[in-house]
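Please read the structure below before turning to the comments.
The values are calculated or read from the model by the stated rules, or taken from the named source; none is laboratory data. Values in this document were obtained by computation on a predicted structure and should not be read as measured data. Please note: Cβ atoms are built from the backbone with ideal geometry, for glycine as well, and neighbour counts cover all protein chains shown. Note: accessible area is taken over every heavy atom of the protein model, side chains too, but ligands, DNA and RNA are not part of it. Shrake-Rupley method; radii C 1.70, N 1.55, O 1.52, S 1.80 Å.
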Amino acid sequence: AARAAVTERAEELNLPQENLLTPDTVRRLCWEPPAEADAAGVDEALRQLGARDWQRRQTVPLLVEALAATP
């Protein structure tokens, strides 16, 4: 769900998916999600993984939703 959401957003922005957020970053976030998978927790996790401010602004809401949908 996370990868699909990031890919869709990248297409909307007319960017390669890996420029918006690398597949490795998405994978690491999903494998080890923050204890609090809310916007602040996901934003901080992405920051620690090296995502830039603009990347986090574009993807945090999508990833929060994807993490909430994961059983």
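Can you find even one residue in the stretch 14-30 that is buried (at least 16 other Cβ atoms within 10 Å of the Cβ) and in contact with a Pro (Cβ under 9 Å, 6 or more places away or on another chain)?
Yes, some residue in the stretch 14-30 is buried (at least 16 other Cβ atoms within 10 Å of the Cβ) and in contact with a Pro (Cβ under 9 Å, 6 or more places away or on another chain).
Does at least one position in the stretch 16-34 carry a residue that is in a helix (DSSP H, G or I), touching a residue at least 40 places away in the same chain (Cβ under 8 Å) and either within 16 Å of P61 (Cα to Cα) or of a type in the set (V, I, T) (or both)?
yes
Hey, can you tell me all the residues within the stretch 62-71 that are within 12 Å of A2 (Cα to Cα), free of Cβ contacts under 8 Å to residues at least 40 places away in the same chain and exposed (fewer than 14 other Cβ atoms within 10 Å of the Cβ)?
Within the stretch 62-71, A68 is the sole residue that qualifies.
Does A10 meet the test of being out of contact with any Phe, Trp or Tyr (no Cβ under 8 Å at 6 or more places or on another chain), open to solvent by less than 50 Å² (accessible area, probe 1.4 Å), assigned to a loop (DSSP other than H, G, I, E, B) and not charged (D, E, K, R)?
Taking the combined requirement at face value, the residue does not satisfy it.
Within the set of pairs 6+ apart or on separate chains, which have a first residue in the stretch 36-55 that is within 19 Å of A10 (Cα to Cα) and outside any loop (DSSP other than H, G, I, E, B), a second that is modelled with pLDDT under 95 and open to solvent by less than 40 Å² (accessible area, probe 1.4 Å), and C-beta atoms under 8 Å apart?
V42/P34; V42/L67
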